[in-house]
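Each remark here refers to the structure printed beneath this line.
Computed from the coordinates by the stated procedures, all read-outs in this text should not be read as laboratory data. All values reported here derive from a predicted model rather than from experimental measurement. Quick reminder, even Gly has a Cβ in these numbers, built from the backbone with ideal geometry, and neighbours come from all protein chains shown.
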Amino acid sequence: MKKAWYKKMSVLVLCIFALAILAGCGGGQQSSDAEKNQGNDNAAPKKIVLKLGHDHMTSSPFQKSAEKFKELVEARSNGQIEVQIYPAQQLGSSREMIEGLQMGTIEATLLPTAKFGGFDQRLTLVDLPFLFPNEEVLWKVLDGEIGQEIMSGLENIGIKGIAFYAEGFKAFTNNKPIRKPEDFKGMKIRTMEAPVIMAQYKAWGANPVPIDFAEVYNSLQQKVVDGQENPLLSIHDMKFYEVQKYMIMGDHAYLSYILTVSKKWFDGLSPELQKVIVDTGKEVAQYHKGLMQEANEGYLKNIKAFGTEVIVLSPEEREAFRKASQPVYDEFRNVIGAELLDKTLKFIEENK
């Protein structure tokens, strides 16, 4: 009897001992899991990718400015944001990139303001012919309250405007000299797909033909169109001067760019990172102005050296073009917004 009792007690003690060991093992596992979870909490946050697309070559000031933006954003975000640069329309046409911003598949673009006119008509104002008498006045407008108002409507379509960027006043290229609006009569002129620019050439008697930027050289070479307009950077880097005999310096309109980000992406950032993006974008815009000024001087020398004849319109010739452009203002007054246009014209007049 005693023997049986001792046997039962021995089995019970062994069971209790085994349970104690298992409990200890379980507790150890729980402790290990907790430590593991704590380690996850302290892990570095997931890197945020910012894809930045633009439409210029890697040798251009736009690429250099994109690289400066990348350098500063990555440093100021302590590596939380990784900027990936896609030049020369690698992310698609301008329209495709803008639509990518709206959908949140592209985080940022640096594109001409004229490309946004079909998305928000207020930006059409920037591309009116003979609006800005010089760059000094232009930047007083675009870097000030009016510039902020012009950009503000983008947020309604899922895009946030950060800052305007420089490129330059536009010139014409053609295979015959152009000195007055009548010289354009019946000509096919390549333009951006921007209603205000197309209206400008119609007012001068030309037939505007919207062609994608990447196809302009071939279109000029094959005489699909007779001429085109662009600032010196585009004429130089895309070598349009190789297939055109004349370049006419009309300074009739300014081609500005705008740095934009996807509102969907931007709203997902912390306030600290939002500030990094906005402040850096504005700072690099100022840096970019210096790059463009220096580059434009070199572009003009190279184009002249190639043998292209450069014509500079006289004040009287420019005035004839300005008068011929008045119907464009009448057509787009209400499209842009009469109040905004009047405010801008008044500001320019007071700051000449």
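Karplus-derived 3J(HN,Hα) values for the stretch 83-97, using 6.51 cos²θ - 1.76 cosθ + 1.60 with θ = phi - 60°, are 9, 10, 9, 10, x, 6, 6, 5, 8, x, 5, 4, 4, 5, 5 Hz; glycine and proline are entered as x. When peptides 70-78, 222-230 are ranked by their average number of other Cβ atoms within 10 Å per residue, the highest-first order is 222-230, 70-78. Here the stretch 48-350 yields Rg over Rh of 0.96, to two decimals, using C-alpha coordinates and the Kirkwood radius.
Summarised as an ellipsoid, the stretch 44-146 has semi-axes of 27, 17, 14 Å, derived from the eigenvalues of the Cα gyration tensor scaled by 5 and square-rooted, with the largest first.
Here the stretch 103-156 and the stretch 309-348 have alpha carbon centers that stand 16 Å from each other.
Just order 141-151, 179-189, 110-120 by mean Cβ neighbour count inside 10 Å, highest at the front, would you?
Numbers: 141-151: 18.1, 179-189: 16.1, 110-120: 23.1.
So the peptides 141-151, 179-189, 110-120, ranked by packing, come out 110-120, 141-151, 179-189.
Extension gain for the segment residue 207 to residue 302, taken as residue separation times 0.36 nm less the Cα-Cα distance, is 31.2 nm to one decimal.
Mean projected area of the Cα convex hull of the stretch 176-217, taken over all directions, amounts to 3.0 nm². Basic side chains Lys and Arg get +1 at the Cβ, acidic Asp and Glu get -1 at the Cβ, and with that the dipole of the stretch 48-350 about its Cα centre reaches some 600 debye. Counting only DSSP beta bridges with both residues in the chain, the antiparallel share comes to about 50 percent. Computed from backbone phi, the HN-Hα couplings of the stretch 274-287 come to 4, 5, 4, 5, 5, 4, 5, x, 5, 5, 5, 4, 6, 4 Hz, rounded to whole numbers (Karplus: 6.51 cos²θ - 1.76 cosθ + 1.60, θ = phi - 60°; Gly and Pro given as x). With the simple spin-label model, which puts each label point 7 Å out from Cα in the Cβ direction, the residue 183 to residue 49 separation comes to 5.0 nm. Across the stretch 217-352, Cα-Cα pairs farther apart than 22 Å form 61% of the total.
What is the gain in length, in nm to one decimal, between residue 136 and residue 264 on full extension, counting 0.36 nm per residue of separation less the C-alpha to C-alpha distance? Don't skip to the answer; put the middle values down first.
Working: separation 128, 0.36 × 128 = 46.08 nm, distance 3.40 nm.
My answer for the length gained is 42.7 nm.
Ranking 90, 207, 69 by Cα position along the charge dipole of the stretch 48-350, where only Lys, Arg, Asp and Glu carry charges on their C-beta atoms, puts 207 farthest toward the positive end.
Which whole-number percent is the relative contact order of the chain (Cα, under 8 Å, 6+ apart)? Can you show the working numbers first?
Working: 535 pairs, mean separation 76.4, N = 352.
Computed value for the chain: 22 percent relative contact order.
To the nearest ten degrees, helix 2-41 and the longest principal axis of the Cα atoms of the chain are 20 degrees apart.
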